[in-house]
Amino acid sequence: MNKGKLIVFSAPSGSGKTTLVQYLLNEKLNLAFSISATSRQPRENEKNGKDYFFLSNEDFIIKINDGKFLEYEEVYDGTFYGTLKDEVEKNWQNGKHVIFDIDVVGGINIKKLFPERTLAIFVKPPSIKVLEERLTNRGGNSQEDIKKRVQKAIKEMEYSSDFDKIILNDELEESKRIAFDYVNKFLNQ
Ligand code: 5GP
């Protein structure tokens, strides 16, 4: 296995971590995005094999039993998300470092698997109220879904101290600058 590094971005859904991850992917940092598998339905504009590998629950469970996942979780009741081993290996073989946009528990699990090679960053929303507004404005999630995500976010905040770095995502340009500095430093050390 070659010596690629792992950059984990975890945060409550709606904290803005995806925006930061997309920004970093466009910088010259030699990063490749780890495309997760999920059993949820694609949102409008999401493409299979680009945003996620969309699987049925049944196929997801088959892959769990075949040991195909580095980590996986039932993030919401009946909805699985996970990182495929092959996906990470493929990126390392291509000489890339791998960046993850995954939930808080998944992020901690990746850090445990590769403690030295992982930089784990927690992205914190300015407040739960702002988080709720962002989720509502984003569209694509039902009221019930938003409620579930907010409840989960409240719990997830407690895990922030398990991460190497915390970014308070209040002002986006400032968060981008901080994220770039952390990642750039880690990849060059
Ligand atoms: P969404 O449905 O908004 O795309 O994602 C819901 C949550 O699942 C987000 O917190 C997202 O980061 C997380 N997630 C996405 N991929 C993975 C994964 O591979 N593993 C884990 N544990 N969580 C993931």
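The values are calculated or read from the model by the stated rules, or taken from the named source; none is laboratory data. Bear in mind the structure is a predicted one, so any value in this text is a computation, not a measurement. We place every Cβ from the backbone using ideal geometry, glycine too, and count neighbours over all the protein chains shown. Surface accessibility is based on the protein's heavy atoms, side chains included, excluding ligands, DNA and RNA. Shrake-Rupley method; radii C 1.70, N 1.55, O 1.52, S 1.80 Å.
Just one of the listed residues (Asp59, Asp77, Asp86) is acidic (Asp, Glu) and at pLDDT below 95, namely Asp77.
Pairs meeting the criteria (first residue in the stretch 12-28 and over 11 Å from Lys176 (Cα atoms), second residue open to solvent by 20 Å² or more (accessible area, probe 1.4 Å) and part of a helix (DSSP H, G or I), beta carbons under 6 Å, at least 6 apart or on different chains) are Gly14/Arg134. Tell me, please, whether a residue that is more than 10 Å from the ligand (Cβ to nearest atom) and surrounded by 13 or more Cβ atoms within 10 Å (Cβ to Cβ) can be found in the stretch 68-77. Yes, that holds for at least one residue. A single member of Ile178, Ile102 is more than 15 Å from the ligand (Cβ to nearest atom) and surrounded by 15 or more Cβ atoms within 10 Å (Cβ to Cβ), and it is Ile178. Number of residues in the stretch 120-144 that are open to solvent by 10 Å² or more (accessible area, probe 1.4 Å) and touching a strand residue (DSSP E or B) at 6+ places or on another chain (Cβ under 8 Å) equals 2.
In the condition set (1) farther than 19 Å from Glu73 by Cα; (2) open to solvent by less than 40 Å² (accessible area, probe 1.4 Å), Phe163 is compliant with all but (1).
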